[in-house]
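Undergrad: Before anything else, here's the structure in question.
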Amino acid sequence: MGGQAFEVPVNPQRIVADYYVGELLYLGAPLVGADLTWPSNSWTHLVAELTDVGQSMELVSSLEPDLIITMNEAYLEQYETIAPTVFIPWDAYDPEELMIVLGEVVNNQDVARQWLKGFEARLEELAAVMPDPSLFTITIVDVFGTDLYLYGPDVAEKAFIRDANSWLMLTPEMMPDYIGDYLLFLNDSGQADSNLDVTDPYKNNVIWDSLPAVVNGRVFYFRSADFMHEDPFSLDLQINTLLEIFSDVVGFGTWQASNGDVAENAVIDALKAGYFHIDTAAVYKNEESVGCGIKKSGLNRKNIFVTTKAWNDVHTYKDAKVALANSLDKLGLDYVDLYLIHWPNPLAVRNRWEERNRDVWRYFEEALEAGLVRSIGVSNFHERHLDSLLKTAKVVPHVNQIHLSPSDMQLEVVAANEKHGILTQGYSPLGTGTILEIPALVEIAQKHQKTPAQVAIRWSLQKGYNPLPKSVTTSRIISNINVFDFELTDAQIKVIEGLAGTGNVASNPDERDF
């Protein structure tokens, strides 16, 4: 901090800043003016009332600030003749430390500490879903002018890049040596078709087409401005972006994958393709092979999200305890990430389903507390089943997994999930294949150069659902997760939702004969 000509006020009321604008806005600082040289930020919408002072001392003075915050030592003496000035070099602190320092300056430490606590928790959440760096590599490139630059070399390990050695200009010939399994491509608009005059030499060649990230559909486009800054708005956006990519937003279903080589190889192929969520169930009778596939994949267990389900022969607390132990033994795991009640109203307990669900859920909650499961949920529950369970549940189900596709949108069930804060997972997101030849869906797929199946899965994602496509065919396994490099328009989503009723729909869980 500079040697101020005035005493820094304890509670400043009129602040001008030539940097750290995003941080100060997040802290609720009373900004009246700022240097808004960088207009494209995740907080741009918040600066409409601020005066853009640029580097004009006259404008700064006219605002009659009682505090100036600067990162520019060259202007320090001039600023100090106008108002008390705090000098913070841009590289003096990492972003977390900077928020604490600025919180002290503007007397809002509580907001700074609260953000820091949440940020650290989100970093831990991100670390838990990031691909194993010994098996997968992540590359970030950015378009500058007419050139393509690489962030690195340890960009996946570091939160921020500051030194000159962390930049490298790429030529097309260098790409195979530097671009790995995942590619985050930054440009002006965050779209695949922007900066075409720049990226054409890179993309329109056989080298680009052979890159692992391209082959496996792991190229993601984002705005450069969103990754350029280190204020809380930008950092939260960056973490949310990475979580969307690396969390289990698209799971791999194993229903009808027979126990043995078929299920085992399907799981290996799925994990190799980039899935991190594997869904099975006791009734699928393939938990042993799913577990073998997980083990043979070579991935770190903590980077894989495993779901299994208690079948309809689980009627009591004791049954649930035995069922989970059996599933863990077959899977060869110490815990599962998600454990579900498979159906709400088994035939054998049709007259006492509410009691059954309460008793089974009581064990689920104990298993959660004991660490045998990381989250608990239900499957095929309608609103009345949820309402009944929630009368006595201590833990609200984290997930309700239901039959869900453009042809069977189950709007009432989805609304009930949303009302209770329950994540909607969708099995059979392709409508068991019945909608994939409908001309309207085929036409949308052709416009995006995708398959109808990919469009159906993308629809689920954009609706906020967690789809669980299944296949035992390697090419389809890969194709079903290649859904992050395009976006459906509102008009296309409306067309897709017009397919309701054109394919298979879920049966009434109170009338199933098992």
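Undergrad: For region 309-408, list log₁₀ I(q)/I(0) at each q in 0.22 Å⁻¹, using the Debye formula over Cα point scatterers of equal strength and ignoring solvent, two decimals each.
TA: Treating every Cα as an identical point scatterer, log10 I(q)/I(0) equals -1.15.
Undergrad: Could you put I179, I376 in order, starting from the residue whose Cβ has the fewest other Cβ atoms within 10 Å? Before the final figure, lay out each step's value.
TA: On the way: I179 25, I376 22.
Result, fewest neighbours first: I376, I179.
Undergrad: In whole Hz, with x marking every Gly and Pro, tabulate ³J(HN,Hα) for region 360-372 from phi via Karplus 6.51 cos²θ - 1.76 cosθ + 1.60, θ = phi - 60°.
TA: 5, 5, 4, 6, 3, 5, 5, 5, 5, 5, 7, x, 6
Undergrad: Continuing with the same structure: Just to compare against my own numbers: the Cα pair-distance distribution for the chain, 20 Å bins, whole % per bin, please.
TA: 20, 45, 29, 6, 0
Undergrad: May I ask you to evaluate 6.51 cos²θ - 1.76 cosθ + 1.60, the Karplus curve with θ = phi - 60°, for each residue of region 334-339 and list the ³J(HN,Hα) values in order in whole Hz, giving x for glycine and proline?
TA: Karplus-based 3J(HN,Hα) across region 334-339 equals 7, 7, 10, 7, 8, 10 Hz.
Undergrad: Starting from the Kirkwood radius over alpha-carbon pairs of region 229-365, derive D by Stokes-Einstein at 4 °C in a medium of 1.567 mPa s and give it in µm² s⁻¹.
TA: On the way: Rh = 16.3 Å.
Translational D for this selection: 79 µm²/s.
Undergrad: Cut-off 20 Å, label point 7 angstrom out along Cα-to-Cβ of K302: give me the residues of region 254-277 whose amide nitrogen falls inside.
TA: Within reach of a label on K302: 275-277.
Undergrad: How much length is gained on full extension from N11 to M169, taking 0.36 nm per residue of separation minus their Cα-Cα distance? Walk me through the numbers on the way to the answer.
TA: Values: separation 158, 0.36 × 158 = 56.88 nm, distance 4.63 nm.
Between N11 and M169, full extension yields 52.2 nm more.
Undergrad: Fewest Cβ neighbours within 10 Å first, please rank I82, I138 accordingly. All intermediate terms of the calculation are to be shown ahead of the outcome.
TA: Working: I82 19, I138 23.
Listed from fewest to most nearby Cβ atoms, that is I82, I138.
Undergrad: Okay, moving on. Does anyone have the angle between helix 317-331 and the longest principal axis of the chain? Alpha-carbon axes, 0 to 90°, nearest 10?
TA: 80
Undergrad: On to the next question. Sequence-distant or interchain residues sharing an amide H contact under 5 Å with K470, placed H: which?
TA: Amide H neighbours of K470, under 5 Å, 5+ apart: G253.
Undergrad: Relative to the present Cα-Cα distance, how much length would full extension add between A491 and D209 at 0.36 nm per residue of separation?
TA: On the way: separation 282, 0.36 × 282 = 101.52 nm, distance 3.05 nm.
Length gained between A491 and D209: 98.5 nm.
Undergrad: Tell me, what ³J(HN,Hα) does each residue in region 350-359 have, in order and in whole Hz, if you take phi through Karplus 6.51 cos²θ - 1.76 cosθ + 1.60 with θ = phi - 60° and put x for Gly and Pro?
TA: Karplus-based 3J(HN,Hα) across region 350-359 equals 4, 8, 9, 5, 5, 4, 4, 5, 4, 5 Hz.
Undergrad: Another question about this same structure. Considering only the other residues whose Cβ falls under 13 Å of the Cβ of A348, what net charge follows from Lys and Arg at +1 and Asp and Glu at -1? The partial results should precede the final answer.
TA: Numbers: positive: R350, R352, R356, R512; negative: D313, D319, E355, D513.
Net local charge, A348 excluded: 0.
Undergrad: Ok, one more. With a 10 Å radius around each residue's Cβ, average the other Cβ atoms per peptide and rank 281-292, 91-102, highest first. It would help to have the intermediate numbers written out before the result.
TA: Values: 281-292: 21.8, 91-102: 16.2.
Going from most to least packed, we get 281-292, 91-102.
Undergrad: Also, quick follow-up: Could you list which residues have their amide H under 5 Å from that of K309, counting only those 5 or more apart in sequence or on another chain, with H placed in the peptide plane?
TA: A281, A282, L340
Undergrad: In terms of Cα to Cα distance under 15 Å, which aspartates and glutamates are near enough to K321, apart from those fewer than 8 places away along the same chain?
TA: D313, D329, D334, D359, E365, E366, E369
Undergrad: Follow-up question, since we're still on this one. If you rank I88, I69, I239 by fewest surrounding Cβ atoms within 10 Å, what's the result? Kindly include the intermediate steps, with their values, before the conclusion.
TA: Details: I88 20, I69 28, I239 17.
Final ranking by Cβ density, sparse to dense: I239, I88, I69.
Undergrad: Could you calculate the contour length gain from E97 to Q462, that is, 0.36 nm times the residue separation minus the distance between their Cα atoms, to one decimal place in nm?
TA: Working: separation 365, 0.36 × 365 = 131.40 nm, distance 3.56 nm.
Extending this stretch completely gives an extra 127.8 nm.
Undergrad: Further question on the same structure: Give me the compactness ratio for region 252-497, meaning the Cα radius of gyration over 2.2 N^0.38 Å.
TA: Numbers: Rg = 18.1 Å, N = 246, 2.2 N^0.38 = 17.8 Å.
Against the empirical 2.2 N^0.38 Å value, I get 1.01 for region 252-497.
Undergrad: Hey, how much of the P(r) for region 37-99 falls beyond 16 Å, as a percent of Cα pairs? Display every interim value, and only then the final one.
TA: Details: 1084 of 1953 pairs.
Beyond 16 Å sits 56 percent of the P(r) for region 37-99.
Undergrad: Turning to a different aspect of this structure: Going by amide H atoms built from the backbone, whose H comes under 5 Å of the H on T51, apart from near neighbours?
TA: Those qualifying (amide H under 5 Å, at least 5 residues apart or on another chain) are G33, A34.
Undergrad: Sketch the reach of a paramagnetic label on N107 as a point 7 Å from Cα along Cα-to-Cβ, and name the residues of region 52-71 whose backbone nitrogen lies under 14 Å away.
TA: Output list for this probe position: 66-67.
Where a number appears in this text, it was derived from the coordinates with a stated rule and is not lab data. Note that the coordinates shown come from a computational prediction; the quantities given were computed from them, not determined experimentally. Because the Cβ atoms are built from the backbone with ideal geometry, glycine has one as well, and the counts that use them run over all protein chains shown.
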